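Visitor: Shown below is the structure under consideration.
The values are calculated or read from the model by the stated rules, or taken from the named source; none is laboratory data. Predicted, not measured: the structure shown is a model, and the values here were computed from it. When we count neighbours, we look across all protein chains shown, and the Cβ atoms used for this are built from the backbone with ideal geometry, even at glycine.
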Amino acid sequence: MSAPFSRLLEARARALATVSVKVSEDGTAAAIVVAALGADRIGIPLTAAREVIPFAGAASIPAAPAWFRGIVQLRGELLSVLDLQAWWRPGQSCRGKHLVVVEGKAGPIALLADAIVEVRDVTSRDLADALADDALQARPGVGSVTRDLIFVLDIERMLSHSALVIHQTSALLLSGESGEHE
């Protein structure tokens, strides 16, 4: 194996092994909102959770993937509604009684949840590094996993996932423009 390729693999392994929950010096992480998605539990960093609201339905988007439930208007702001259960487990879907609005650098998005279970602190001792690699592969947007199998989201990683990013070229093609300036 070539040296540059080996360095690339090592850098990727280090990046995947990093824990996304920022643990403070005293060992306590920022609080997480624990939400239920069927049998799965997700942890949303409280610093990224803007609000939790009842889910009354979304306007569907034709030809969108099953995990993209549509859009909702919240106080004049349009939000995409993401069903993580359907994204992570094709063929399954979240019943969706609540929306957790999260905010990242890319803007806000609403995550569908069956229930809000609790708000709790996570310590470095609660995180299970060995499980994180499998969770990262099977569940896009997961940054770490607790020992009691709560998939803690890395909001920035999730919002930058290629399935969620609308590329400028695609948007221009949809609008009928070529993207070239005269």
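Visitor: Here is a check on your reading of the model: is E103 of a type outside the set (A, V, I, L, M, F, W, C), within 19 Å of V142 (Cβ to Cβ), without any contact (Cβ under 8 Å) to a residue 60 or more places away in the chain and in a strand (DSSP E or B)? Don't jump to the end; show me each part of the working.
Guide: Numbers: of a type outside the set (A, V, I, L, M, F, W, C): yes; within 19 Å of V142 (Cβ to Cβ): yes; without any contact (Cβ under 8 Å) to a residue 60 or more places away in the chain: yes; in a strand (DSSP E or B): yes.
Yes: the conditions hold for E103.
Visitor: Also: In contact with a Leu (Cβ under 8 Å, 6 or more places away or on another chain), without any contact (Cβ under 8 Å) to a residue 60 or more places away in the chain and either exposed (fewer than 12 other Cβ atoms within 10 Å of the Cβ) or farther than 20 Å from I150 by Cβ (or both), is that true of R69?
Guide: Details: in contact with a Leu (Cβ under 8 Å, 6 or more places away or on another chain): yes; without any contact (Cβ under 8 Å) to a residue 60 or more places away in the chain: yes; either exposed (fewer than 12 other Cβ atoms within 10 Å of the Cβ) or farther than 20 Å from I150 by Cβ (or both): yes.
Judged against the criteria, R69 is a match.
Visitor: Right, I42: touching a Ser or Thr at 6+ places or on another chain (Cβ under 7 Å) and under 20 Å from Q92 (Cα atoms) or not? Please lay out each step first, then the result.
Guide: On the way: touching a Ser or Thr at 6+ places or on another chain (Cβ under 7 Å): no; under 20 Å from Q92 (Cα atoms): yes.
When the stated conditions are applied, I42 does not pass them.
Visitor: So, one more: On the basis of being touching a Lys or Arg at 6+ places or on another chain (Cβ under 8 Å), in a strand (DSSP E or B) and either hydrophobic (A, V, I, L, M, F, W, C) or crowded, with 19+ Cβ neighbours inside 10 Å (or both), does V119 make the cut?
Guide: Numbers: touching a Lys or Arg at 6+ places or on another chain (Cβ under 8 Å): no; in a strand (DSSP E or B): yes; either hydrophobic (A, V, I, L, M, F, W, C) or crowded, with 19+ Cβ neighbours inside 10 Å (or both): yes.
The answer is no for V119.
Visitor: Further question: Of everything in region 122-176 that's part of a helix (DSSP H, G or I) and modelled with pLDDT of 80 or more, which residue is nearest to P45 (Cα to Cα)? It would help to see each step written out before you state the result.
Guide: Just the residues of region 122-176 that are part of a helix (DSSP H, G or I), to begin with: 124-126, 129-138, 155-159, 168-175.
This time we only want the ones that are modelled with pLDDT of 80 or more, so: 125-126, 155-159.
Details: R125: 17, D126: 15, I155: 8, E156: 11, R157: 13, M158: 13, L159: 14 Å.
Only one residue fits best here, namely I155.
Visitor: Would you pick out the residues in region 35-71 that are in a strand (DSSP E or B) and hydrophobic (A, V, I, L, M, F, W, C)?
Guide: A35, A36, L37, I42, I44, A49, V52, I53, A59, F68, I71
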